[in-house]
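Undergrad: I have a structure here, written as structure tokens, and I will follow up with some questions on it.
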Amino acid sequence: MNRETTSKVHKGQQGANPKMRMLVYRERSYPAREVQGRDGSYTVAADSLVPELLDGIGSHDPAAFKLDEEIACYCSDEEIQKLADEELVEIIYEWQRL
């Protein structure tokens with residue numbers, strides 16, 4: 001089962017974004033972030049989630065399919081935390097062009 005929790009961000013953190021959250025899949029937490037693009041909001045998740053989701057999809061876990069469909073792209077933890085929303089949106093649009 002997967003669930004989503006919002007993480008707390010302290011004022012003054014470098015690169016802090018109030019839209020940071022944690023995605024939980026198979027009882028492990030993965031950083032994620034919501035960004036606003038031209039066509040709506042998108043979820044960017046940590047690439048460390050990919051192997052777990054692939055395993056879940058291979059096992060026909062409906063939660064893995066659902067979670068993967070909600071994610072626009074995967075990036076490193078550092079990129080999720082430090083890149084500006086505009087930079088992440090550009091990555092998402094590049095992924096969509098592929």
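The values are calculated or read from the model by the stated rules, or taken from the named source; none is laboratory data. Since we're looking at a predicted model, the values are computed, not measured. Backbone-built Cβ (ideal geometry, glycine too); neighbour counts: all protein chains shown. Areas reflect the complete protein model, heavy atoms only, side chains present, ligands, DNA and RNA absent. Shrake-Rupley method; radii C 1.70, N 1.55, O 1.52, S 1.80 Å.
Undergrad: For the range 49-74, name all the residues that are touching a Lys or Arg at 6+ places or on another chain (Cβ under 9 Å) and not in a helix (DSSP H, G or I).
TA: 61
Undergrad: Please enumerate the residues belonging to the range 76-86 that are within 10 Å of residue 35 (Cα to Cα) and either over 13 Å from the mean Cα position of the chain (by Cα) or among the aromatic types (Phe, Trp, Tyr) (or both).
TA: Those that are within 10 Å of residue 35 (Cα to Cα) and either over 13 Å from the mean Cα position of the chain (by Cα) or among the aromatic types (Phe, Trp, Tyr) (or both): 84, 86.
Undergrad: Of the residues 76, 41, which is of a type in the set (S, T, N, Q) and farther than 17 Å from residue 96 by Cβ? Quick ask: steps written out before the conclusion?
TA: Details: 41 fails: farther than 17 Å from residue 96 by Cβ.
After applying the criteria, what remains is 76.
Undergrad: Let me ask another. Please enumerate the residues belonging to the range 75-98 that are farther than 16 Å from residue 23 by Cα and assigned to a loop (DSSP other than H, G, I, E, B).
TA: Result: 83, 84, 98.
Undergrad: Now for a different question. Could you list all residues from the range 69-98 that are of a type in the set (Asp, Glu) and open to solvent by 60 Å² or more (accessible area, probe 1.4 Å)? Please lay out each step first, then the result.
TA: Going residue by residue through the range 69-98, those that are of a type in the set (Asp, Glu) are 69-70, 77-79, 85-87, 90, 94.
Within the range 69-98, 69, 70, 77, 78, 79, 86, 87, 90, 94 meet the criteria.
Undergrad: What is the number of the single condition among (1) exposed (fewer than 14 other Cβ atoms within 10 Å of the Cβ); (2) at pLDDT 95 or above; (3) not in a helix (DSSP H, G or I) that residue 44 does not meet?
TA: (1)
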